[in-house]
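Undergrad: Could you have a look at this structure, given as structure tokens, before my questions?
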Amino acid sequence: MSRVNRRWLLAQRPVGMVEAGDFRFDEEPCPEPAEGEVLVRVCWLAFDPAMRGWMEDRESYMPPVGIGEVMRGGGVAEVVASRHPDYAEGELVQGLFGWQEYALMRGPGLQGLSRVPRDMPPTLVLSVLGITGLTAWFGLYDIGQPEAGETVVVSGAAGATGSVAAQLARLSGCRVIGIAGGPRKCAWLRDEAGLDDVVDYKAENVGARLRALCPQGIDVYFDNVGGEILDAALARLALRARVVMCGGISGYNEKEPPAGPRNLMNIVIQRARMQGFIVLDYAPRFPEALGELAGHVREGRIAYLEDIQQGIENAPRTFLRLFDGSNFGKQLLELAPPGS
Ligand SMILES: NC(=O)c1ccc[n+]([C@@H]2O[C@H](COP(=O)([O-])OP(=O)(O)OC[C@H]3O[C@@H](n4cnc5c(N)ncnc54)[C@H](OP(=O)(O)O)[C@@H]3O)[C@@H](O)[C@H]2O)c1
């Protein structure tokens with residue numbers, strides 16, 4: 001019986017908040033691998049806020065997704081047919097497969113295809129042992145450079161990146177305050193992730209809470225959200241503070257770029273440093289970070305959550321969960337578990 005590949009194409013560039021209607025559902029006959037190619041069936045897709053940027057027609061660290069192209073996205077997949085000597089049927093692999101059930105991997109390096117280690121749950125390579133864990137590790141250590149006893153504040157703290165950054169800071173002997181939306185996420189940060197304090201930005205005045213919680217100021221601020229929360233943190237910087245510019249999700253769906261932070265001059269007054277980064281630049285050092293992160297996971301030193309939705313038909317809806325905070329942990333979508 002011939003297989004069908006169900007997939008989502010980018011239908012139009014979003015204006016303001018991304019909508020399900022910006023994507024178009026499509027079916028095609030499943031491709032067959034030619035010599036040197038590998039056909040995979042996608043098991044799980046991972047969703048990242050950065051994908052909103054890939055939908056825009058502008059130059060960035062990755063080219064935009066073209067209108068009519070399969071929406072770009074990473075995942076874990078099972079090899080179902082291989083005409084490549086390095087891959088056999090049944091192997092689990094990771095790569096940029098796109099929002100579709102099957103993907104044909106071809107060309108030099110098979111588009112970055114790599115094997116999934118067998119000694120951990122496979123979805124971990126999409127979260128704490130993948131891009132979000134690596135982002136937390138390099139952002140915190142390379143740019144934040146926390147020292148024991150310092151005060152570290154993390155926004156988006158209950159998310160995939162923020163929760164790892166916050167816990168790494170705690171493991172470094174810092175006092176850690178997480179900012180997140182809603183009582184459920186704040187309780188998890190306190191009770192499971194072991195943070196010292198939390199701020200519920202949906203219910204509390206962030207500036208007032210940071211003033212009360214950080215009387216000596218913030219030494220490292222790891223920012224995932226931008227906007228008013230960034231501004232409130234800038235107002236509380238300690239002398240020689242480091243501001244890690246990881247992301248700014250509060251602005252990703254704005255039609256116009258947000259107004260600049262009002263408290264930027266505090267960088268000057270406090271002789272602080274503010275630096276952005278893209279985790280892919282650290283690729284040669286990924287093994288070093290992954291080794292340490294895997295040790296933390298194995299020994300139970302890092303708590304993590306995965307939010308797993310079901311079915312390729314729900315890909316756009318799953319993506320939108322990132323922008324209203326519905327996701328509780330790394331946002332994943334299960335299409336077909338391995339061996340099913
Ligand atoms: N620089 C890099 O190389 C790099 C790499 C990966 C990710 N990132 C960035 O890291 C950040 C986190 O990404 P992630 O994949 O770990 O996602 P995530 O934090 O697991 O999910 C996104 C979270 O953002 C929060 N959020 C959404 N809208 C918000 C708003 N208007 N104001 C404040 N918070 C809001 C929500 O949490 P609440 O419920 O708490 O609101 C939501 O759960 C993003 O900014 C992303 O772009 C950067």
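Read-outs throughout are calculated quantities, based only on the coordinates presented, and are distinct from any laboratory measurement. Model, not experiment: these values are computed from the prediction. Reconstructed Cβ throughout: ideal geometry from the backbone, glycine too, with neighbour counts over all protein chains shown.
Undergrad: Output ³J(HN,Hα) for the range 94-110: one whole-Hz value per residue in order, computed from phi by the Karplus curve 6.51 cos²θ - 1.76 cosθ + 1.60 with θ = phi - 60°, and x for Gly and Pro.
TA: 10, x, 8, 8, x, 7, 7, 7, 10, 9, 9, 9, 8, x, x, x, 6
Undergrad: While we're on this one: Between Ile308 and Asp86, how many nm apart are label points set 7 Å from Cα along the C-beta direction?
TA: 2.8 nm
Undergrad: Projecting each Cα onto the charge dipole of the chain (Lys/Arg +1, Asp/Glu -1 at the beta carbon, about the Cα centre), which of Ile229, Gly133, Leu332 comes out farthest on the positive side?
TA: Result: Ile229, furthest along the dipole toward the positive end.
Undergrad: At 7 Å along the Cα-to-beta-carbon direction for both Glu292 and Glu56, put a label point, then send me their distance in nm to one decimal.
TA: For Glu292 paired with Glu56, the spin-label model returns 3.2 nm.
Undergrad: With θ set to phi - 60°, apply the Karplus curve 6.51 cos²θ - 1.76 cosθ + 1.60 along the range 188-201 and write out the HN-Hα couplings as whole Hz, x wherever there is a Gly or Pro.
TA: Whole-Hz 3J(HN,Hα) from phi for the range 188-201: 4, 5, 6, 8, 9, 8, x, 6, 6, 8, 9, 10, 8, 5.
Undergrad: Once Lys and Arg get +1 and Asp and Glu get -1 on their Cβ, which of Pro14, Ala315, Val154 lies farthest toward the positive end of the dipole of the chain?
TA: Value: Val154.
Undergrad: Let me ask something additional. Excluding residues on the same chain fewer than 8 positions from Lys185, give the aspartates and glutamates whose Cα lies under 16 Å from its Cα.
TA: Excluding near neighbours in sequence, the set is Asp196, Asp197, Asp200, Glu204, Glu306, Asp307, Asp324.
Undergrad: Would you please classify the overall shape of the range 131-281 from the alpha carbon gyration tensor, given that a ≥ b ≥ c denote the square roots of the eigenvalues, rounded means a/c under 1.5, and beyond that prolate means a/b larger than b/c while oblate covers the rest?
TA: rounded
Undergrad: If you put +1 on each Lys and Arg Cβ and -1 on each Asp and Glu Cβ, how big is the dipole of the range 131-281 around its Cα centre, in Debye rounded to 20?
TA: Computed charge dipole of the range 131-281: roughly 260 debye.
Undergrad: To continue, here is another question. So what is the 222 nm mean residue ellipticity for the chain from helices alone, if each DSSP H run of at least 4 adds -39500 (n - 2.57) and you divide by all residues, rounding to the nearest 500 deg cm²/dmol?
TA: -6000 deg cm²/dmol
Undergrad: Here's something else I'd like to know. For Glu147 and Gln216, compute 0.36 nm times the residue count separating them, minus their Cα-Cα distance, and round to one decimal in nm.
TA: Answer, rounded to one decimal: 23.4 nm.
Undergrad: Which of Leu104, Gln270, Phe47 sits closest to the plus end of the dipole of the chain, meaning its Cα is farthest towards the positive end, when Lys and Arg get +1 and Asp and Glu get -1 on the C-beta?
TA: Value computed over the given set: Gln270.
Undergrad: 7 Å from Cα along Cα→Cβ at both Ala283 and Ala208: what's the point-to-point distance in nm?
TA: Here the modelled spin labels are 4.8 nm apart.
Undergrad: At a 10 Å Cβ-Cβ cut-off, how would you order Asp231, Asp324, fewest neighbours first? Write down the numbers at each step before the final one.
TA: Working: Asp231 19, Asp324 9.
Lowest to highest Cβ neighbour count: Asp324, Asp231.
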